[in-house]
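Heads up: the structure comes next, in C-alpha cells.
Coordinate-derived values only; no laboratory data. Just so it is clear, the model here is predicted, and its values are computed rather than measured. Using ideal geometry, Cβ is built from the backbone for each residue, glycine included, and neighbour counts are taken over all protein chains shown.
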Amino acid sequence: ELDVFSHLQEKKTPAELARAMGWNESNTGYLLATLGTYGFLQKVGDGYINSQDAQKYLVRGTPDYLGGFIHFYGQNEGMVPMDVKKLLTVGPQPMPQMEMEQNLDFAQYGQMLCMSEEGYRQQEILRMVRNLPENGEIRRVLDVGCAAGLLGLAVIGDVENRSGVLLDQIPSQIIQASVDAAGLGERVKVVQGNFLTDDLGGGYDLILAVSIMLFAKGGMEPLMKKFFDALNPGGVLLVVSEGIAEDLSGPWDMMTGYLPYFLNGMDLAVRAGEVEAAARAAGFTKIESRTEQLCSGTQDILAMRK
C-alpha cells in the first residue's frame with residue numbers, strides 16, 4: 001500500500017523519502033533499514049536504492065510487477081485466521097468470512113482482483129502459451145474462472161487476430177472493465193456464469209483453466225468432457241493447478257497454504273495425477289505434464305490436446 005519501492009528507483013535518504021511522502025522520518029529510517037537487511041534495498045552512503053530484484057518485481061507498473069499479487073494473497077488467501085489449538089482439540093470450525101471481503105464493494109474487489117493478476121502473472125501465462133507448438137495457430141480462446149480477466153486478456157492481446165471469451169461468476173462489469181482498459185472490446189466477449197454447470201460454447205483453439213480445478217473436485221471428469229467437446233480438433237486445454245501428494249508429503253508451500261482449509265474440514269486440494277486421470281477418462285490422449293515453481297507456489301502445468 002505504501003508503494004515504497006516505486007519511490008526508491010533512485011537513491012534517497014530516509015529524510016528525503018519521508019519528506020516527499022509525508023511520513024514520520026524516524027520510522028521511515030527503521031523501515032528502510034529493515035528492508036535492507038532482507039535484501040530488498042541496497043544502502044548507498046546515507047541513502048537507499050532498490051535491489052535488482054526489488055526493481056524488477058516490486059515497482060508498480062513494470063512488466064514483472066508482483067506487488068499487487070503479494071498484497072492480494074497476503075490479505076485474502078494467505079492470512080486465513082485459525083485457532084490451531086481449538087481446531088485440534090475440538091475439531092473443524094465454521095470459517096469466518098474475511099474482513100476484507102466483508103468491507104469491499106464491487107469496485108474495490110475488482111481492483112484487488114486486477115492487482116492479483118497484473119504484471120508477473122500475465123508474463124507467466126504468456127510464457128506458457130508462447131511455448132506451445134500451436135501458439136501461432138491459436139485464434140479463439142476461452143478463459144474459464146477468469147476472475148478479473150487479465151490472464152486471458154494477455155493471451156488474446158498477444159496476437160492481433162485472436163479473439164475469445166472470459167467466463168466467471170463474478171459480476172460481469174468487473175471483467176468488462178478489464179476488457180475496456182485493454183482496448184479489446186471488439187475481440188472479447190464477457191460471460192457471467194458457472195463453468196461447472198453452464199454451457200461453454202465451442203470452437204476454441206485454447207482453453208485456459210488456471211487455478212480452478214479445486215472447484216471441480218468430486219466432478220472433475222464431467223468438466224473435462226465439457227472442455228474436450230468445446231475444443232476444436234487439435235485444440236489445447238492448458239491447466240495450471242496444484243498437485244499435492246496423495247500422502248500429503250508435499251509440496252510444502254501448497255500444504256502450508258491449504259492447512260487452514262484442511263483443519264476446518266475442507267479438503268479442496270487437488271492431488272497429483274488427479275487432473276490427468278480425469279482428462280484421459282474424458283477423451284484426452286495427448287497430455288504433457290510438468291511441475292514448476294510459479295509465483296503462486298509449486299504448480300502442475302498440463303497441456304492436453306484434442
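Here is how the numbers come out for the structure above:
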| read-out | value |
| --- | --- |
| Longest segment of the chain lacking GluC sites (Glu not before Pro) that sit in a DSSP loop with at most 15 other Cβ atoms within 10 Å | 11-76 |
| Net charge contributed by nearby residues that have their C-beta within less than 12 Å of GLY47 (K/R +1, D/E -1) | 0 |
| Set of lysines near LYS43 by C-alpha distance (under 16 Å), chain-local residues within fewer than 8 positions excluded | LYS11, LYS12 |
| Normalised alpha carbon radius of gyration of region 174-299 [divisor 2.2 N^0.38 Å] | 1.17 |
| Most mobile listed residue (ALA20, ALA182, ALA147) in the chain, GNM with C-alpha springs under 10 Å | ALA20 |
| Net charge over other residues, Cβ less than 9 angstrom from the Cβ of ILE287 (K, R count +1; D, E count -1) | +1 |
| 20 Å Cα-Cα reach of LYS226 towards lysines, excluding residues that sit fewer than 8 places from it in its own chain | LYS189, LYS217, LYS286, LYS306 |
| Residue (of VAL275, LEU31, GLN169) at the positive-pole extreme of the chain, dipole from beta-carbon charges | VAL275 |
| Summed side-chain charge close to LYS226 - residues other than LYS226 whose Cβ falls under 11 Å, Lys, Arg +1, Asp, Glu -1 | -3 |
| Rg over Rh [alpha-carbon atoms, Kirkwood Rh] for the chain | 1.01 |
| Within a Gaussian network of the chain (alpha carbon springs, distance under 10 Å), most fluctuating of GLN93, GLN192, GLN108 | GLN93 |
| Over the chain, relative contact order from alpha-carbon pairs under 8 Å, at least 6 apart, % | 13 percent |
| SER289-SER163 FRET efficiency (beta carbon distance; Förster radius 30 Å; 0.05 resolution) | 0.60 |
| Given charges at beta-carbon only (K, R positive; D, E negative), |dipole| of region 114-305 in Debye | 360 debye |
| Relative contact order (%) - criterion: Cα under 8 Å, at least six apart; region: region 4-57 | 40 percent |
| The chain: most fluctuating residue of ASP198, ASP46, ASP267 per GNM, C-alpha cutoff 10 Å | ASP46 |
| Length added when fully stretched, GLU25-ASN131, from 0.36 nm per residue minus Cα-Cα | 33.3 nm |
